[in-house]
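The values are calculated or read from the model by the stated rules, or taken from the named source; none is laboratory data. Only a predicted model underlies this, so the values are computations on that prediction, with no experimental measurement involved. We place every Cβ from the backbone using ideal geometry, glycine too, and count neighbours over all the protein chains shown. SASA here: full protein model, heavy atoms, side chains in, ligands and nucleic acids out. Shrake-Rupley method; radii C 1.70, N 1.55, O 1.52, S 1.80 Å.
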Amino acid sequence: VVEADLLILGASEVVTCRGPSRGIAAADLGRLEVIQDGAVAIKDGRILAVGPKSEVEAEYRAGFRIDAEGRLVSPGLVDPHSHLLFGGDRCAEYEEKILGRVVGANLERGIAVTIKATRAASDRFLVEQALRDLDVALSHGTTTLEAKTGYGLDRESELRLLQLTVGLEHAVEVVPTFLGAHVLPEDYVGRREAYVQLLIDMMPEVATLAEYCDVSCDPSCFTAEECLRMGEVARRHGMGIRVHADQTGDAGGAALAARLRAASADHLDYASVEGLRAMADAGTVAVFLPAVTLHLMEMTPPITDGEIGSAQKPFMPLAVRRAIEAGTVVALSTDYNPGSAPTPSMQIVMQLAARLYRLTYAQIWHMCTLNAAASVGRGHDRGSLAPGKRADLVIWTEPNHRRIINRFGYNMVDQVLIEGRTMVRGGRPVEAKHRRAMA
Ligand SMILES: [Zn+2]
(Lines give C-alpha, C1' and ligand atoms only; values in the text may rest on other atoms or scores of the structure.)
Protein backbone atom coordinates (compact mmCIF):
# COMPACT_ATOMS: atom_id res chain seq x y z
CA VAL A 1 0.00 0.00 0.00
CA VAL A 2 1.36 3.39 -1.05
CA GLU A 3 1.10 6.40 1.25
CA ALA A 4 -0.68 9.42 -0.30
CA ASP A 5 -1.55 12.81 1.20
CA LEU A 6 -5.17 12.83 0.12
CA LEU A 7 -7.77 10.47 -1.33
CA ILE A 8 -10.90 11.75 -3.04
CA LEU A 9 -13.48 8.99 -2.84
CA GLY A 10 -17.17 8.52 -3.49
CA ALA A 11 -17.41 10.31 -6.85
CA SER A 12 -20.31 9.10 -8.98
CA GLU A 13 -18.16 10.03 -11.99
CA VAL A 14 -14.57 11.09 -12.54
CA VAL A 15 -14.06 12.63 -15.99
CA THR A 16 -10.34 12.54 -16.75
CA CYS A 17 -10.13 14.47 -20.07
CA ARG A 18 -6.93 12.47 -20.67
CA GLY A 19 -5.10 12.81 -23.98
CA PRO A 20 -1.81 13.85 -25.58
CA SER A 21 -0.16 16.97 -24.11
CA ARG A 22 -0.56 18.80 -27.46
CA GLY A 23 -4.36 18.40 -27.03
CA ILE A 24 -7.19 16.28 -28.41
CA ALA A 25 -8.37 16.65 -32.03
CA ALA A 26 -10.91 15.36 -34.54
CA ALA A 27 -13.01 12.29 -33.63
CA ASP A 28 -11.15 11.80 -30.31
CA LEU A 29 -12.83 15.00 -29.08
CA GLY A 30 -16.08 13.06 -28.92
CA ARG A 31 -14.73 10.28 -26.71
CA LEU A 32 -14.69 11.32 -23.05
CA GLU A 33 -13.24 8.97 -20.44
CA VAL A 34 -15.74 8.68 -17.59
CA ILE A 35 -14.87 6.53 -14.58
CA GLN A 36 -17.97 5.47 -12.67
CA ASP A 37 -17.58 5.36 -8.87
CA GLY A 38 -14.10 6.88 -9.35
CA ALA A 39 -11.38 8.02 -6.98
CA VAL A 40 -8.23 10.16 -7.07
CA ALA A 41 -5.03 9.80 -4.99
CA ILE A 42 -2.86 12.91 -4.48
CA LYS A 43 0.63 13.43 -3.06
CA ASP A 44 2.78 16.60 -2.90
CA GLY A 45 0.22 18.50 -4.97
CA ARG A 46 0.40 15.96 -7.80
CA ILE A 47 -1.94 13.21 -8.92
CA LEU A 48 -0.70 9.73 -8.00
CA ALA A 49 -3.57 7.69 -9.39
CA VAL A 50 -7.03 7.98 -10.94
CA GLY A 51 -9.34 5.00 -11.28
CA PRO A 52 -12.27 3.05 -9.89
CA LYS A 53 -12.63 3.51 -6.12
CA SER A 54 -12.04 -0.18 -5.41
CA GLU A 55 -8.64 -0.11 -7.15
CA VAL A 56 -7.44 3.21 -5.73
CA GLU A 57 -8.53 2.28 -2.20
CA ALA A 58 -6.76 -1.08 -2.44
CA GLU A 59 -3.46 0.51 -3.47
CA TYR A 60 -3.32 3.85 -1.62
CA ARG A 61 -4.00 5.11 1.87
CA ALA A 62 -3.96 8.65 3.21
CA GLY A 63 -4.55 10.48 6.47
CA PHE A 64 -6.86 12.91 4.72
CA ARG A 65 -9.90 11.90 2.68
CA ILE A 66 -12.59 13.89 0.88
CA ASP A 67 -15.96 12.26 0.29
CA ALA A 68 -17.34 13.51 -3.05
CA GLU A 69 -20.77 12.27 -1.95
CA GLY A 70 -21.94 10.82 -5.24
CA ARG A 71 -21.03 13.82 -7.33
CA LEU A 72 -18.88 14.63 -10.36
CA VAL A 73 -15.11 15.18 -10.13
CA SER A 74 -13.32 16.80 -13.10
CA PRO A 75 -10.06 18.56 -13.94
CA GLY A 76 -9.91 22.28 -13.12
CA LEU A 77 -11.03 24.43 -16.04
CA VAL A 78 -8.43 26.40 -17.99
CA ASP A 79 -9.27 29.82 -19.47
CA PRO A 80 -6.78 30.54 -22.28
CA HIS A 81 -7.89 34.08 -23.30
CA SER A 82 -8.78 36.98 -21.02
CA HIS A 83 -8.27 40.72 -20.82
CA LEU A 84 -8.13 40.72 -17.03
CA LEU A 85 -6.94 44.25 -16.26
CA PHE A 86 -9.13 47.13 -17.38
CA GLY A 87 -10.82 50.27 -16.12
CA GLY A 88 -14.45 51.35 -16.44
CA ASP A 89 -17.34 49.45 -17.97
CA ARG A 90 -19.33 49.56 -21.21
CA CYS A 91 -22.87 49.36 -19.83
CA ALA A 92 -24.22 52.54 -21.43
CA GLU A 93 -22.98 51.60 -24.88
CA TYR A 94 -24.50 48.13 -24.50
CA GLU A 95 -28.02 49.43 -24.08
CA GLU A 96 -27.59 51.33 -27.34
CA LYS A 97 -26.58 48.03 -28.92
CA ILE A 98 -29.62 46.26 -27.50
CA LEU A 99 -31.76 48.93 -29.15
CA GLY A 100 -29.97 48.41 -32.47
CA ARG A 101 -28.40 51.87 -32.48
CA VAL A 102 -24.75 50.74 -32.48
CA VAL A 103 -23.34 49.61 -35.79
CA GLY A 104 -19.81 48.53 -36.64
CA ALA A 105 -17.34 46.33 -34.88
CA ASN A 106 -16.59 46.56 -31.18
CA LEU A 107 -12.91 46.77 -32.15
CA GLU A 108 -13.36 50.05 -33.98
CA ARG A 109 -15.54 51.84 -31.47
CA GLY A 110 -16.07 51.15 -27.80
CA ILE A 111 -12.56 49.92 -27.09
CA ALA A 112 -11.34 53.54 -26.97
CA VAL A 113 -13.55 54.04 -23.89
CA THR A 114 -11.82 51.18 -22.09
CA ILE A 115 -8.35 52.38 -23.06
CA LYS A 116 -9.06 55.83 -21.62
CA ALA A 117 -10.52 54.42 -18.40
CA THR A 118 -7.67 51.92 -17.99
CA ARG A 119 -4.96 54.56 -18.42
CA ALA A 120 -6.75 56.67 -15.78
CA ALA A 121 -7.21 53.83 -13.25
CA SER A 122 -4.82 53.46 -10.30
CA ASP A 123 -2.61 50.40 -9.84
CA ARG A 124 -4.51 49.57 -6.68
CA PHE A 125 -7.88 49.68 -8.43
CA LEU A 126 -6.71 47.48 -11.30
CA VAL A 127 -5.14 44.88 -9.00
CA GLU A 128 -8.05 44.70 -6.57
CA GLN A 129 -10.57 44.36 -9.39
CA ALA A 130 -8.43 41.64 -11.02
CA LEU A 131 -8.20 39.71 -7.73
CA ARG A 132 -11.98 39.89 -7.30
CA ASP A 133 -12.45 38.68 -10.87
CA LEU A 134 -10.00 35.83 -10.26
CA ASP A 135 -12.07 34.91 -7.19
CA VAL A 136 -15.15 34.65 -9.42
CA ALA A 137 -13.30 32.64 -12.06
CA LEU A 138 -11.95 30.29 -9.39
CA SER A 139 -15.35 29.88 -7.73
CA HIS A 140 -16.74 28.82 -11.10
CA GLY A 141 -14.03 26.19 -11.62
CA THR A 142 -11.10 27.96 -13.35
CA THR A 143 -7.67 27.00 -12.02
CA THR A 144 -5.37 28.50 -14.71
CA LEU A 145 -6.03 31.68 -16.68
CA GLU A 146 -4.21 33.55 -19.44
CA ALA A 147 -4.34 37.36 -19.11
CA LYS A 148 -3.47 39.94 -21.75
CA THR A 149 -2.53 43.59 -21.63
CA GLY A 150 -3.90 45.67 -24.49
CA TYR A 151 -5.81 48.56 -22.89
CA GLY A 152 -2.71 50.69 -22.43
CA LEU A 153 -1.43 50.98 -25.99
CA ASP A 154 1.49 53.23 -25.22
CA ARG A 155 4.88 52.20 -23.92
CA GLU A 156 4.39 53.20 -20.31
CA SER A 157 0.78 52.00 -19.94
CA GLU A 158 1.43 48.63 -21.54
CA LEU A 159 4.46 47.95 -19.35
CA ARG A 160 2.46 48.97 -16.28
CA LEU A 161 -0.35 46.52 -17.15
CA LEU A 162 2.18 43.77 -17.77
CA GLN A 163 3.95 44.37 -14.46
CA LEU A 164 0.65 44.41 -12.56
CA THR A 165 -0.41 41.17 -14.27
CA VAL A 166 2.87 39.43 -13.43
CA GLY A 167 2.58 40.65 -9.82
CA LEU A 168 -0.90 39.20 -9.17
CA GLU A 169 -0.79 36.86 -6.18
CA HIS A 170 -3.64 34.39 -6.46
CA ALA A 171 -4.20 30.65 -6.33
CA VAL A 172 -5.27 30.75 -9.98
CA GLU A 173 -2.07 30.75 -12.01
CA VAL A 174 -2.09 33.74 -14.37
CA VAL A 175 -0.22 33.34 -17.67
CA PRO A 176 0.92 36.83 -18.76
CA THR A 177 0.56 37.90 -22.41
CA PHE A 178 1.63 41.17 -24.04
CA LEU A 179 -1.04 42.53 -26.41
CA GLY A 180 0.35 45.90 -27.43
CA ALA A 181 -0.89 45.04 -30.93
CA HIS A 182 -4.54 44.92 -29.84
CA VAL A 183 -5.84 47.76 -32.04
CA LEU A 184 -4.18 50.80 -33.59
CA PRO A 185 -4.47 53.56 -30.96
CA GLU A 186 -6.36 56.69 -32.04
CA ASP A 187 -3.30 58.92 -31.73
CA TYR A 188 -1.45 56.75 -34.29
CA VAL A 189 -4.10 56.90 -37.03
CA GLY A 190 -2.19 57.68 -40.22
CA ARG A 191 1.10 56.62 -38.54
CA ARG A 192 0.68 52.82 -38.41
CA GLU A 193 4.34 52.18 -39.10
CA ALA A 194 5.41 54.26 -36.10
CA TYR A 195 3.22 52.21 -33.76
CA VAL A 196 4.39 48.86 -35.14
CA GLN A 197 7.99 50.02 -34.69
CA LEU A 198 7.24 51.18 -31.13
CA LEU A 199 6.01 47.69 -30.26
CA ILE A 200 8.98 46.03 -31.94
CA ASP A 201 11.34 48.26 -29.95
CA MET A 202 9.55 47.22 -26.72
CA MET A 203 9.97 43.46 -27.30
CA PRO A 204 13.29 42.93 -25.44
CA GLU A 205 11.88 44.52 -22.28
CA VAL A 206 8.46 42.90 -22.66
CA ALA A 207 10.07 39.47 -23.01
CA THR A 208 11.44 39.70 -19.46
CA LEU A 209 7.83 39.79 -18.18
CA ALA A 210 5.48 38.14 -20.69
CA GLU A 211 5.27 34.47 -21.60
CA TYR A 212 3.34 35.19 -24.80
CA CYS A 213 3.02 38.01 -27.33
CA ASP A 214 -0.42 38.38 -28.93
CA VAL A 215 -1.10 40.23 -32.18
CA SER A 216 -4.49 41.14 -33.69
CA CYS A 217 -4.62 40.06 -37.31
CA ASP A 218 -7.97 41.42 -38.42
CA PRO A 219 -9.30 43.84 -41.07
CA SER A 220 -10.00 46.36 -38.28
CA CYS A 221 -6.60 45.93 -36.56
CA PHE A 222 -3.26 44.92 -38.10
CA THR A 223 -2.35 43.30 -41.42
CA ALA A 224 -0.83 39.83 -41.67
CA GLU A 225 2.43 41.45 -42.78
CA GLU A 226 2.57 43.77 -39.77
CA CYS A 227 1.73 40.86 -37.45
CA LEU A 228 4.42 38.71 -39.03
CA ARG A 229 7.08 41.36 -38.38
CA MET A 230 6.02 41.84 -34.75
CA GLY A 231 5.57 38.12 -34.17
CA GLU A 232 8.99 37.22 -35.53
CA VAL A 233 10.71 39.72 -33.24
CA ALA A 234 8.69 38.44 -30.28
CA ARG A 235 9.74 34.88 -31.12
CA ARG A 236 13.39 35.85 -31.34
CA HIS A 237 13.12 37.20 -27.80
CA GLY A 238 11.76 33.90 -26.56
CA MET A 239 8.05 34.62 -26.29
CA GLY A 240 5.37 32.24 -27.51
CA ILE A 241 2.85 33.70 -29.97
CA ARG A 242 -0.92 34.07 -29.80
CA VAL A 243 -3.08 35.68 -32.50
CA HIS A 244 -6.46 37.42 -32.39
CA ALA A 245 -7.40 36.16 -35.84
CA ASP A 246 -10.08 36.96 -38.40
CA GLN A 247 -12.82 38.15 -36.02
CA THR A 248 -14.46 40.72 -38.32
CA GLY A 249 -13.23 39.35 -41.65
CA ASP A 250 -10.59 37.10 -43.21
CA ALA A 251 -7.28 38.91 -42.80
CA GLY A 252 -5.25 35.73 -43.29
CA GLY A 253 -4.87 35.48 -39.50
CA ALA A 254 -5.15 31.70 -39.32
CA ALA A 255 -2.41 31.16 -41.91
CA LEU A 256 -0.27 33.81 -40.22
CA ALA A 257 -0.64 32.03 -36.86
CA ALA A 258 0.49 28.78 -38.47
CA ARG A 259 3.45 30.50 -40.13
CA LEU A 260 4.53 31.89 -36.74
CA ARG A 261 3.95 28.47 -35.19
CA ALA A 262 1.71 30.27 -32.72
CA ALA A 263 0.47 28.51 -29.59
CA SER A 264 -3.06 29.66 -30.39
CA ALA A 265 -5.20 31.60 -32.83
CA ASP A 266 -8.39 32.92 -31.29
CA HIS A 267 -11.81 34.07 -32.63
CA LEU A 268 -11.42 32.66 -36.20
CA ASP A 269 -14.99 33.59 -37.16
CA TYR A 270 -13.91 34.20 -40.78
CA ALA A 271 -10.83 31.95 -40.91
CA SER A 272 -10.23 30.14 -44.20
CA VAL A 273 -10.19 26.35 -44.40
CA GLU A 274 -6.60 26.49 -45.74
CA GLY A 275 -5.61 28.60 -42.75
CA LEU A 276 -7.22 26.13 -40.33
CA ARG A 277 -5.43 23.22 -42.03
CA ALA A 278 -2.12 25.04 -41.75
CA MET A 279 -2.84 25.57 -38.05
CA ALA A 280 -3.47 21.85 -37.60
CA ASP A 281 -0.08 21.09 -39.21
CA ALA A 282 1.70 23.74 -37.11
CA GLY A 283 0.14 22.56 -33.84
CA THR A 284 -1.63 25.91 -33.32
CA VAL A 285 -4.70 25.57 -31.08
CA ALA A 286 -7.95 27.15 -32.36
CA VAL A 287 -9.70 29.02 -29.54
CA PHE A 288 -13.40 29.88 -29.95
CA LEU A 289 -15.24 32.37 -27.76
CA PRO A 290 -18.98 31.72 -27.42
CA ALA A 291 -19.49 34.43 -24.76
CA VAL A 292 -18.52 36.98 -27.44
CA THR A 293 -20.98 35.45 -29.91
CA LEU A 294 -23.71 35.74 -27.29
CA HIS A 295 -22.89 39.15 -25.86
CA LEU A 296 -22.44 40.86 -29.24
CA MET A 297 -25.74 39.20 -30.29
CA GLU A 298 -24.07 37.90 -33.43
CA MET A 299 -26.45 34.98 -33.87
CA THR A 300 -29.71 36.80 -33.20
CA PRO A 301 -31.31 38.95 -35.88
CA PRO A 302 -31.13 42.73 -35.38
CA ILE A 303 -34.27 44.83 -35.37
CA THR A 304 -34.04 48.02 -37.44
CA ASP A 305 -37.01 50.38 -37.84
CA GLY A 306 -39.32 47.66 -36.57
CA GLU A 307 -38.09 45.15 -39.15
CA ILE A 308 -36.25 41.92 -38.36
CA GLY A 309 -32.92 41.78 -40.20
CA SER A 310 -30.38 39.01 -40.71
CA ALA A 311 -28.13 37.67 -37.97
CA GLN A 312 -24.51 38.73 -38.48
CA LYS A 313 -22.90 35.31 -37.83
CA PRO A 314 -25.44 32.47 -38.05
CA PHE A 315 -22.57 30.35 -39.39
CA MET A 316 -20.61 30.07 -36.14
CA PRO A 317 -21.43 26.35 -35.57
CA LEU A 318 -19.97 25.67 -39.03
CA ALA A 319 -16.88 27.78 -38.32
CA VAL A 320 -16.14 25.58 -35.29
CA ARG A 321 -16.96 22.40 -37.21
CA ARG A 322 -14.58 23.41 -40.00
CA ALA A 323 -11.79 23.81 -37.43
CA ILE A 324 -12.52 20.36 -35.99
CA GLU A 325 -12.67 18.79 -39.46
CA ALA A 326 -9.38 20.47 -40.41
CA GLY A 327 -7.81 18.52 -37.55
CA THR A 328 -6.93 21.48 -35.31
CA VAL A 329 -6.93 21.15 -31.55
CA VAL A 330 -9.93 23.28 -30.54
CA ALA A 331 -10.30 25.04 -27.18
CA LEU A 332 -12.86 27.40 -25.66
CA SER A 333 -12.36 30.54 -23.59
CA THR A 334 -14.21 33.45 -22.01
CA ASP A 335 -12.34 36.32 -23.75
CA TYR A 336 -13.23 38.07 -20.48
CA ASN A 337 -13.33 41.85 -21.16
CA PRO A 338 -15.78 44.71 -20.49
CA GLY A 339 -16.86 45.25 -24.10
CA SER A 340 -17.52 41.96 -25.84
CA ALA A 341 -17.56 39.30 -23.08
CA PRO A 342 -18.09 40.58 -19.54
CA THR A 343 -17.99 37.20 -17.78
CA PRO A 344 -15.01 35.49 -16.13
CA SER A 345 -16.91 32.16 -15.89
CA MET A 346 -15.73 29.18 -17.94
CA GLN A 347 -18.82 27.38 -16.71
CA ILE A 348 -21.13 29.64 -18.73
CA VAL A 349 -18.75 29.28 -21.69
CA MET A 350 -19.30 25.50 -21.56
CA GLN A 351 -23.05 26.02 -21.51
CA LEU A 352 -23.02 28.56 -24.35
CA ALA A 353 -20.80 26.35 -26.52
CA ALA A 354 -23.51 23.68 -26.60
CA ARG A 355 -26.32 26.10 -27.38
CA LEU A 356 -24.57 28.43 -29.84
CA TYR A 357 -21.97 26.17 -31.48
CA ARG A 358 -23.83 22.84 -31.24
CA LEU A 359 -20.91 21.03 -29.64
CA THR A 360 -21.39 17.84 -27.64
CA TYR A 361 -20.76 17.39 -23.91
CA ALA A 362 -17.60 15.37 -24.58
CA GLN A 363 -16.20 17.93 -27.04
CA ILE A 364 -16.85 20.80 -24.65
CA TRP A 365 -15.21 19.07 -21.65
CA HIS A 366 -12.03 18.47 -23.66
CA MET A 367 -12.03 22.01 -25.07
CA CYS A 368 -12.22 23.66 -21.63
CA THR A 369 -9.62 21.46 -19.92
CA LEU A 370 -6.76 19.68 -21.71
CA ASN A 371 -7.03 21.57 -25.01
CA ALA A 372 -7.16 24.93 -23.25
CA ALA A 373 -4.13 23.90 -21.17
CA ALA A 374 -2.30 22.86 -24.35
CA SER A 375 -2.91 26.30 -25.84
CA VAL A 376 -1.04 27.94 -22.95
CA GLY A 377 1.82 25.44 -23.12
CA ARG A 378 0.72 23.48 -20.08
CA GLY A 379 -0.81 20.35 -21.61
CA HIS A 380 1.96 18.23 -20.09
CA ASP A 381 1.30 19.54 -16.59
CA ARG A 382 -2.46 20.06 -16.16
CA GLY A 383 -5.83 20.04 -17.91
CA SER A 384 -6.52 16.37 -17.27
CA LEU A 385 -6.59 13.95 -14.36
CA ALA A 386 -3.62 11.66 -14.93
CA PRO A 387 -0.70 10.45 -12.79
CA GLY A 388 2.06 13.07 -12.43
CA LYS A 389 -0.11 16.04 -13.29
CA ARG A 390 -0.87 18.97 -11.01
CA ALA A 391 -3.76 18.11 -8.70
CA ASP A 392 -6.09 20.87 -9.97
CA LEU A 393 -9.63 19.56 -9.81
CA VAL A 394 -13.26 20.44 -9.24
CA ILE A 395 -15.87 18.64 -7.17
CA TRP A 396 -19.22 19.71 -8.58
CA THR A 397 -22.68 19.82 -6.99
CA GLU A 398 -24.08 17.55 -9.73
CA PRO A 399 -23.88 13.76 -10.17
CA ASN A 400 -22.70 13.71 -13.80
CA HIS A 401 -20.76 15.71 -16.41
CA ARG A 402 -23.75 16.17 -18.70
CA ARG A 403 -25.65 18.24 -16.15
CA ILE A 404 -22.91 20.89 -15.93
CA ILE A 405 -23.67 21.77 -19.56
CA ASN A 406 -27.36 20.86 -19.75
CA ARG A 407 -28.28 23.14 -16.85
CA PHE A 408 -27.15 26.75 -17.05
CA GLY A 409 -26.77 30.14 -15.47
CA TYR A 410 -25.90 29.34 -11.83
CA ASN A 411 -22.80 28.06 -10.12
CA MET A 412 -22.53 24.25 -9.89
CA VAL A 413 -19.08 24.18 -8.25
CA ASP A 414 -18.81 22.86 -4.72
CA GLN A 415 -15.03 22.53 -4.19
CA VAL A 416 -11.94 23.51 -6.16
CA LEU A 417 -8.53 22.06 -5.35
CA ILE A 418 -5.32 23.57 -6.69
CA GLU A 419 -2.14 21.53 -6.22
CA GLY A 420 -4.18 19.33 -3.91
CA ARG A 421 -5.21 22.19 -1.61
CA THR A 422 -8.86 23.18 -1.17
CA MET A 423 -9.29 26.74 -2.46
CA VAL A 424 -13.09 26.80 -2.84
CA ARG A 425 -15.66 25.18 -0.59
CA GLY A 426 -19.43 25.49 -0.96
CA GLY A 427 -18.84 27.46 -4.18
CA ARG A 428 -16.90 30.21 -2.36
CA PRO A 429 -13.18 30.91 -2.01
CA VAL A 430 -11.77 29.65 1.26
CA GLU A 431 -11.02 32.70 3.40
CA ALA A 432 -7.64 34.31 2.57
CA LYS A 433 -6.04 31.03 1.50
CA HIS A 434 -6.56 31.65 -2.21
CA ARG A 435 -4.76 34.99 -2.16
CA ARG A 436 -1.13 34.49 -1.35
CA ALA A 437 -0.63 38.17 -0.55
CA MET A 438 -3.04 41.05 -0.56
CA ALA A 439 -2.31 44.00 -2.83
ZN1 LIG B 1 -9.54 39.06 -26.88
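Descriptive notes on the structure:
- About the Cα centre, charge dipole magnitude for segment 168-305 (Lys/Arg +1, Asp/Glu -1 at Cβ), debye: 440
- Convex hull volume of the Cα atoms of segment 125-223, normalised per residue: 108 Å³.
- The order of D44, D123, D266, D135 by accessible area, most exposed first and with a 1.4 Å probe, is D44, D123, D135, D266.
- Integer Hz, Karplus 6.51/-1.76/1.60 couplings in order for segment 17-27, x for Gly and Pro: 6, 5, x, x, 5, 7, x, 9, 10, 6, 5
- The separation of segment 107-165 from segment 6-57, counted between C-alpha centres, amounts to 34 Å.
- Protection proxy ranking of 381-391, 317-327 - average other beta-carbon atoms within 10 Å, highest first: 381-391, 317-327
- Ordering F125, F408 by accessible surface, largest first, gives F408, F125; the 1.4 Å probe counts only protein heavy atoms, with every chain in place.
- Using a probe of 1.4 angstrom and keeping all protein chains present, the accessible surface of the chain works out to 39 square angstrom per residue.
- D44/E95 FRET efficiency (R0 56 Å; Cβ-Cβ; nearest 0.05): 0.65
- Computed with a 1.4 Å probe over protein heavy atoms only, the accessible area of V1 comes to about 120 Å².
- Each residue of segment 298-309 was assigned a 3J(HN,Hα) from its phi angle through the Karplus expression (A = 6.51, B = -1.76, C = 1.60, θ = phi - 60°), giving 6, 10, 10, x, x, 10, 10, 6, x, 10, 7, x Hz with x at Gly and Pro.
- D_trans [Stokes-Einstein, Kirkwood Rh over alpha-carbon pairs] for segment 248-355, 10 °C, 1.306 mPa s, µm² s⁻¹: 110
- The phi torsions of segment 245-257, fed into the Karplus equation with coefficients 6.51, -1.76 and 1.60 and a -60° offset, translate into couplings of 10, 6, 6, 10, x, 7, 9, x, x, 5, 5, 4, 4 Hz, rounded to whole numbers, with Gly and Pro shown as x.
- Residues whose amide H falls under 5 Å from that of L84, counting only those 5 or more places apart or on a different chain, are K148, with hydrogens built in the peptide plane.
- Bridge type composition, segment 1-61 - antiparallel percent by DSSP, nearest 5: 85
- Angle of helix 155-166 to the longest C-alpha principal axis of the chain, folded into 0 to 90 degrees and rounded to 10: 10°.
- Accessible-area order (highest first, 1.4 angstrom probe) of the listed residues R18, R160, R191: R191, R18, R160
- Here is the tail figure for segment 307-423: Cα pairs spaced more than 25 Å apart come to 28 percent of all pairs.
- Order by protection proxy (mean Cβ within 10 Å, highest first), peptides 175-181, 83-89, 205-211: 175-181, 83-89, 205-211
- Cα-based Rg and Dmax for the chain, where Dmax is the largest Cα-Cα distance (Å): 21.2, 73
- Rounded to the nearest 10 degrees, the angle from helix 123-139 to the longest Cα principal axis of the chain is 40 degrees.
- Here the dipole of the chain is about 620 debye; that uses its Cα centre as origin and unit charges on the Cβ of Lys and Arg (positive) and Asp and Glu (negative).
- P(r) weight above 17 Å for segment 37-84, C-alpha pairs, percent: 43
- When the chain is described by a simple charge dipole with +1 on each Lys and Arg Cβ and -1 on each Asp and Glu Cβ, the residue from V1, P302, L134 located farthest towards its positive end is V1.
- Proportion of all alpha-carbon pairs of segment 58-151 beyond 16 Å (%): 70
- A simple spin-label model places pseudo-atoms 7 Å from Cα toward Cβ; at F64 and T208 they are separated by 3.8 nm.
- Peptides ranked, highest mean first, by Cβ atoms within 10 Å: ranges 162-169, 345-352: 345-352, 162-169
- Label point distance in nm, D281-V166, each placed 7 Å from Cα along Cα→Cβ: 3.6
- Cα-based helix-to-principal-axis angle, 316-325 vs the chain, degrees rounded to 10: 60
- DSSP-defined beta bridges in segment 236-387 - what % are antiparallel, rounded to 5: 25
- Remark: spin-label model distance E186-L318 equals 3.8 nm, labels positioned 7 Å along the Cα→Cβ axis.
- Beta bridges assigned by DSSP with both partners in the chain are antiparallel in approximately 45 percent of cases.
- Förster-model FRET efficiency, 22 Å R0, D201 and A120, C-beta, rounded to 0.05: 0.30
- A cut-off of 5 Å between modelled amide H atoms, ignoring neighbours fewer than 5 places along the same chain, links G38 with A11, E13, V14, K53.
- Amide H contacts for V183 (H built 1.01 Å from N in the peptide plane; partners 5 or more residues away or on another chain; cut-off under 5 Å): none found.
- Net charge over other residues, Cβ less than 13 angstrom from the Cβ of E57 (K, R count +1; D, E count -1): -1
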